[in-house]
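Accompanying notes for the structure given below.
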Amino acid sequence: MPYIIGLGKAAELLLHDESVNEIKNLRDYLESEIKKEIEDVKVYGDVKRRLANTTSIAFKGVKADELMLLLESFSVFVSTGSACNSKLAEPSHVLVACKADLDNYSPIRISLSKYNTKEEIDRFIKVLINVIKQLRKK
C-alpha cells in the first residue's frame with residue numbers, strides 16, 4: 001500500500017512540474033530545427049499525445065545503428081529501438097505494427113531531461129548535420 005501511495009504522489013507532483021513544459025519545448029525545438037536543417041526526416045509518434053522528453057526520428061537512407069555509433073564518436077548518445085528493448089537489435093514492435101517504412105527510415109530515440117539546455121540541443125544539431133551528410137555520402 002505505501003508504494004501505491006508513493007506512486008500516486010509522484011504522479012501528482014509530475015503533473016504540476018513546470019520542467020515538463022520546458023522539456024517539451026526543448027523537444028519541439030529539437031525536432032523543428034532538425035526538419036529545417038536536414039532533408040528527408042520523419043518524426044514518429046502522435047504529435048499531441050506522447051512523452052515530453054522523447055522523440056523518435058529517422059533520416060531517409062541512414063541506418064540507425066550506424067548513426068548511433070558515429071554520434072558516439074562525438075560524445076553524443078542516442079539509442080535505437082524502444083527503451084524497454086534497448087538491448088535488442090530489432091526494430092520497435094510498435095513501429096512494425098504501424099507498418100513504418102523501416103527499410104528507408106531507421107529511427108533513433110533521443111531522450112531529454114530537465115537538465116538539458118538549448119545550447120546542448122544546438123550542439124547536437126550541428127554534430128547531427130555533419131554525421132548525416134557523412135553517412136549519406138557512402
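The values are calculated or read from the model by the stated rules, or taken from the named source; none is laboratory data. Just so it is clear, the structure is predicted and the values come from calculations on it, not from any experiment. With ideal geometry, Cβ positions are generated from the backbone for all residues, glycine too; neighbour counts draw on all protein chains shown. These accessible areas exclude ligands, DNA and RNA; they are computed on the full protein's heavy atoms, side chains included. Shrake-Rupley method; radii C 1.70, N 1.55, O 1.52, S 1.80 Å.
Residue-wise HN-Hα couplings along segment 34-39, as the Karplus relation 6.51 cos²θ - 1.76 cosθ + 1.60 with θ = phi - 60° gives them from phi, are 4, 5, 5, 9, 10, 7 Hz; Gly and Pro carry x.
Each peptide in 122-128, 35-41, 51-57, 3-9 was scored by the mean count of other Cβ atoms within 10 Å over its residues; highest first, the order is 51-57, 122-128, 35-41, 3-9. Its relative contact order, with pairs defined as Cα atoms under 8 Å and 6+ residues apart, puts segment 1-66 at 28 percent. In this simple spin-label model, placing a label point 7 Å from the Cα along the Cα-to-Cβ direction at both Ile5 and Asp40 gives a separation of 5.7 nm. Sequence-ordered 3J(HN,Hα) estimates for segment 131-138 from the Karplus curve with 6.51, -1.76 and 1.60 and θ = phi - 60° stand at 5, 4, 4, 4, 6, 6, 6, 4 Hz, glycine and proline given as x.
Skip the ligands, DNA and RNA, and give the accessible area per residue of segment 35-76 with a 1.4 Å probe, whole Å².
Accessible surface, normalised per residue, equals 64 Å².
Dimensions of segment 17-70 from C-alpha coordinates, computed as largest minus smallest value along each principal axis and given longest first, are 38, 22, 19 Å. Taking amide H as placed 1.01 Å from N in the peptide plane, Val62 has its amide H under 5 Å from the amide H of Ser106, each at least 5 places away in sequence or on another chain. So which lysines pass the test for Lys138, namely a Cα distance under 21 Å, with those fewer than 8 places away in the same chain ruled out? Straight-line reach from Lys138, under 21 Å: Lys42, Lys60, Lys63, Lys126.
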